[in-house]
Structure formats: structure tokens, C-alpha cells
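Worksheet: the structure to be examined is printed underneath.
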Amino acid sequence: MAEGDSDVYNLENSQGYSVRQVIETARKVTGHPIPFSEVEKRPGDPSVLIASSDKIRKALGWKPKYENLETIIRTTWAWHQKESKQSSNI
């Protein structure tokens with residue numbers, strides 16, 4: 001790529017997780033009730049949709065540090081809590 005050019009990449013770990021799995025895992029990790037409402041699938045919605053990170057893996061040699069959903073949410077939650085504390089101390 002020329003200087004100033006940009007690109008778009010998917011950052012995923014080849015694991016598919018449902019929205020329900022993400023919400024339930026986030027509830028477990030954070031201890032917070034996360035409200036949601038379930039609705040019927042819309043016409044045209046795919047039954048399964050998993051992104052591919054092949055492009056960034058080939059272009060930059062990127063690979064995910066964490067693959068397990070609970071670990072991903074746990075580390076993100078820890079980062080968020082740390083950042084929130086630092087922001088409130090400013």
C-alpha cells in the first residue's frame with residue numbers, strides 16, 4: 001500500500017459465537033444483568049455468519065491473542081474497569 005492508503009480487516013479467531021452466547025458470557029464475567037429482547041430472524045438474515053481474518057493474517061501476520069470467548073470478555077472487562085478508574089481520577 002502507498003503511504004496514506006488504508007485498508008479494512010476482520011479481527012476474528014475463526015470461532016463462531018451467537019449473540020446469546022456473548023450476552024450470557026458477559027453476564028457471567030461482569031456479574032451485571034444485561035437486558036435483551038429476542039426477536040424473530042429477519043428475511044435474508046443468514047443462519048450463521050463468521051468473519052474471516054485470512055486477509056490480515058496474510059498481510060500483517062496477525063493472529064488473535066485469545067480464542068476462548070470467556071477469556072476475551074474477561075480481559076476486555078478488566079481493561080474497561082482499569083480505564084474507567086483512570087478516567088475518573090482525572
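The values are calculated or read from the model by the stated rules, or taken from the named source; none is laboratory data. Model, not experiment: these values are computed from the prediction. We place every Cβ from the backbone using ideal geometry, glycine too, and count neighbours over all the protein chains shown.
Some observations on this one:
- Selection within the stretch 15-35 - part of a loop (DSSP other than H, G, I, E, B) and at pLDDT 95 or above: Gly31, His32, Pro33, Ile34, Pro35
- Selection count, the stretch 36-84, where residues are in a loop (DSSP other than H, G, I, E, B) and either loosely packed, with under 10 Cβ neighbours inside 10 Å or touching a residue at least 12 places away in the same chain (Cβ under 8 Å) (or both): 24
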